[in-house]
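Each remark here refers to the structure printed beneath this line.
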Amino acid sequence: MKGMKSLHRWLVLSLLTIMTLTGCESVPKPVRNLGKSDIDFVTDIHARQQKALLEKLTRKLYVRNPRELAKANGKTVEARMLEIFGEPGKLELPPLIFDELDGKSGVDAILLSFEEEYQGDRVFAAIAGLTEMLRRSYNYQQEFFMLDSLDEQALYNSARNIEIFVWRLYHRRNEQGELLILTNEFREDGYDISFDRIFAKMTQVQDNMALIVSDKTDRGITKVVQGVAQMAFLPVP
């Protein structure tokens, strides 16, 4: 039995070494799965779910804010999404740095989207920044293996940052009192609060992952008790 375990460990380490040298995407998925633990499969699911929620959010924001897409020099929603999310199926996720955002990324790009004097596509700046921040919390990976490790504090902080982002989204207005980026819609004949559901799911994904990683590593999470409205964005190392 010990011999079989040692052989399995050697095969897994060999596989992970090959994947590191050649790139994960060159290795068939059934073979890649041999280098995963149960937690790795769970992490994969959470990372994919977060990406799907971001894509859904992007489409909804552009439908609700066509004026922002009009600033994108004739680009379509799909073209914008391709710039942010890349080709489907890519496992390695690059940092999101764009000239049109003056090289700002992550939280800085989010803050740019809420500057009243900003003349660019606010939806693009907000989503590019939010996506970059969340990618950072997953070490810019879309698939995970036994030798990979995540930071539970980064995952927790990113969940709080989603809440701070939402608060700003719902409260930041221009001099005329108009919201800079439109989301939920309230009308005499009904209302649409579907954005709330997306943000709640996004926050829950990050909080779940923070707890999973914390339990795996036996490390605690420093909780934030300050009110969201008064908080600055938290660092995501």
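Derivation of every value follows stated rules applied to the coordinates shown; laboratory data play no part. If you're wondering where the values come from, they're calculated on a predicted model, not measured in any experiment. Please note: Cβ atoms are built from the backbone with ideal geometry, for glycine as well, and neighbour counts cover all protein chains shown.
Coordinate range of the alpha-carbon atoms in the range 113-237 per principal axis, descending: 51, 32, 29 Å.
Taking the Cβ of Val224 as the center, what net charge do the other residues with Cβ under 10 Å away carry, scoring Lys and Arg +1 and Asp and Glu -1?
Working: positive: Arg160, Lys223; negative: Glu163.
Spelling it out: positives minus negatives among the neighbours equals +1.
Taking the square roots of 5 times each eigenvalue of the Cα gyration tensor of the range 181-223, largest first, gives ellipsoid semi-axes of 35, 8, 6 Å.
Checking every one of the GluC sites (Glu not before Pro) in the range 80-169 against DSSP loop status and a limit of 14 other Cβ atoms within 10 Å picks out Glu115, Glu116, Glu117. Diffusion of the range 108-172 by Stokes-Einstein, at 25 °C in a medium of 0.890 mPa s and with Rh set to the Kirkwood radius over alpha-carbon pairs, works out to 189 µm²/s. Could you tell me the center-to-center distance, by alpha carbons, between the range 159-206 and the range 133-148 in angstrom? Cα centroid of the range 159-206 versus Cα centroid of the range 133-148: 27 Å apart.
Looking at the range 87-150, the trypsin sites (Lys or Arg not before Pro) that sit in a DSSP loop and have at most 13 other Cβ atoms within 10 Å of their own Cβ are Lys90. Relative contact order of the range 45-133: 30 percent, from C-alpha pairs under 8 Å at least 6 residues apart in sequence. Could you list, bin by bin from short to long, the percent of Cα-Cα pairs of the range 84-130 in 10 Å steps? Each 10 Å bin holds this share of Cα pairs: 29, 50, 18, 3. Taking a straight line from the alpha carbon of Lys56, these aspartates and glutamates sit under 12 Å away, with near neighbours fewer than eight places off in the same chain left out: Glu78. Once the Kirkwood radius over Cα pairs is known for the range 31-139, the Stokes-Einstein relation at 37 °C and 0.692 mPa s delivers a diffusion coefficient of 221 µm²/s.
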